[in-house]
1. Name the aspartates and glutamates eligible as straight-distance cross-link partners of K493: C-alpha to C-alpha under 17 Å, and not fewer than 8 places from it in the same chain.
2. Quantify, in whole percent, the carbon and sulfur part of the accessible surface of the chain (1.4 Å probe; protein heavy atoms only).
3. Determine the sum of side-chain charges near P426: Lys and Arg each +1, Asp and Glu each -1, restricted to other residues whose C-beta is under 14 angstrom from that of P426.
4. When Lys and Arg each count +1 and Asp and Glu each count -1, what net charge do the other residues less than 15 Å away from L218, Cβ to Cβ, add up to?
5. Cα extents of the chain along the three principal axes, largest first, in whole Å?
6. Per 0.36 nm of contour for each residue apart, how much would the distance between W503 and T186 grow if the chain were fully extended, relative to their Cα-Cα spacing?
7. Using every alpha carbon pair in the stretch 421-486, what percent of pairs falls into each 10 Å bin from 0 up to the bin containing the largest distance?
8. With Kirkwood's inverse mean 1/r over C-alpha pairs for Rh, give me the Rg to Rh ratio of the stretch 84-223, two decimals please.
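The values are calculated or read from the model by the stated rules, or taken from the named source; none is laboratory data. Computed from a prediction, not measured in an experiment: that's the story for all the values here. Glycine also receives a Cβ, built like all others from the backbone with ideal geometry; neighbour counts cover every protein chain displayed. Areas reflect the complete protein model, heavy atoms only, side chains present, ligands, DNA and RNA absent. Shrake-Rupley method; radii C 1.70, N 1.55, O 1.52, S 1.80 Å.
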Amino acid sequence: MQANFSRRHFFFGSLFAGAVPAAGFGSVASLRALGYKPYYDKLNVAAVGCGGRGAVILNQAAQTENIVALCDVDTARAAATLESRKSLAQYKDFRVMLDKEGKNIDACTISIPDFMHAAVALACMQRGIHVYVEKPLTRTPWEARLLQQAAVKYKVATQMGNQGYSHEAHRVAAEIVWSGEIGDVTEAHISVTPGTHPTGLQQPPPEESVPATLNWDLWLGGASMRPYSSYYVPYNWRGFYDFGTGQVGNWATHTAGPVHHALQLGAPESVECLKQVGKSNITFPDRGVVRLDFPARGGLKPVSVYYHDSCRPDDPEAYHVPGVENEMILPPPNNLAEKGRGGGGRGPGPAMGQFQMPRPMGGPRTGAGGPGVRVFGPERAAPKPGILSGNGSVLVGTKGIMATVERGEGVWLLPASRWKEYRLPPPLLTRSPGHMADWIRACKGGEPSCSDFTIAGPYAEWLALIAIAYRVPGKLLWDSKNLRFTNSPEANKYVKPVFRAGWELKL
């Protein structure tokens with residue numbers, strides 16, 4: 001099987017394409033001339049979003065770099081970080097922070113609600129500040145395209161926080177497919193667990209008083225004004241179409257990663273919601289199935305990708321994998337140790353936390369938002385043989401089946417007897433020093449990171465189409481070049497956000 005893979009997707013590209021400095025790549029003179037610090041200097045890093053996941057990535061950056069400024073609109077959610085770093089400049093409005101501190105900021109981590117990712121990232125990039133943006137990259141296809149173009153225009157290092165891209169098993173999965181082991185892949189299935197945010201709401205959440213610790217106007221940012229509700233903040237905003245991306249952004253950004261990479265997916269030709277339970281005009285549904293059809297890519301055959309949203313094993317929307325009715329479908333994470341390969345790409349020390357597994361079944365009902373956050377949705381269900389459920393993916397080829405788990409942290413062939421005797425192909429892709437370290441290296445003039453916006457942008461674009469398919473029935477024909485559907489004016493209303501006055505985004 002031959003394919004016209006780009007060198008960029010192999011992570012071999014150089015930031016300095018076509019202009020080799022006289023002193024060589026990474027020389028101090030050439031780096032400083034291009035606006036980069038040499039490796040031995042520390043970056044000055046700011047953080048927008050300091051609670052929850054924001055605290056995790058901030059602390060990862062702090063292992064090797066200087067933290068110089070913090071920004072969060074919710075001082076209760078960010079309390080632990082703000083208190084532990086109270087000597088630093090602290091802000092609620094990222095625009096004020098950038099105006100006052102921008103000349104002293106080299107890079108910024110961004111971990112805030114999905115609908116504000118593009119606004120903050122673009123403001124940083126326009127000032128020449130490198131950005132690490134938590135997944136998903138954006139809420140809409142238009143914003144994903146904008147950030148991809150901005151990264152090129154402003155020549156900054158970028159990274160989306162889909163940490164699985166840095167895992168050894170993610171890269172092995174791609175290498176297995178490219179070796180031809182499972183033949184031509186014309187069908188793939190992506191699965192996610194039910195979330196703990198609101199779904200299927202039929203009316204807006206109840207109005208409540210705004211907590212003294214939250215600046216509600218700044219939290220809303222570019223979104224239209226509306227009453228505050230604890231259904232939104234903290235964490236549960238992700239279930240609402242206006243603010244989040246549901247389990248698409250929360251988990252499919254991870255589970256679809258090996259499929260996107262191994263199959264070199266670009267833009268789909270069409271997207272269609274095949275079924276949804278608990279349809280809502282306000283939030284994502286309780287569960288559903290969406291199909292995306294991708295054309296041939298070089299030597300790779302056209303492929304249909306099915307997204308199974310929040311399906312438990314007994315739900316009719318769950319995928320029954322053919323020919324392996326008695327097999328457990330998803331591999332355990334980090335299973336490549338049995339083949340002589342480590343987890344890889346995670347980095348030492350606390351960075352290991354980026355691959356923590358979800359809470360086990362049973363025990364106290366604590367949602368993904370953490371202690372004290374309102375919990376919605378059903379409990380997780382134990383997996384059953386022959387059925388794809390949980391967080392993972394299945395690639396169906398003409399010669400076999402491959403499955404990956406969680407963020408791409410485990411991979412195997414089905415049936416198990418085939419995997420037992422299988423020898424991994426030789427490594428082809430470069431390996432990661434860890435997702436955060438990969439970005440920091442790029443910020444200092446190294447190779448582009450593995451999920452920089454030239455890769456994350458197109459990926460985020462097609463994932464964002466799923467939300468539109470939930471909202472508009474029928475098969476929607478997608479024209480990626482022009483960022484529009486050719487057969488649905490209604491669907492085109494959701495391609496780009498409607499911004500509150502004063503929050504419009506321009507390159």
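1. Within the straight-line cut-off, K493 pairs with E143, D242, E272, E461, D479, E504.
2. Working: 10600 of 19780 Å².
Carbon and sulfur together cover 54 percent of it.
3. On the way: positive: R171, K339, R341, R423, R431; negative: E168, E175, E181.
Surrounding charge for P426 is +2.
4. Values: positive: R77, K92, R95, R226, R500; negative: D72, D74, D93, D99, D217.
Charge balance in the 15 Å sphere: 0.
5. 62, 61, 48
6. So the extension gain works out to 109.9 nm.
7. All Cα pairs, binned at 10 Å, distribute as 16, 30, 22, 25, 8 percent.
8. Values: Rg = 19.6 Å, Rh = 18.6 Å.
Answer for the stretch 84-223: 1.05.
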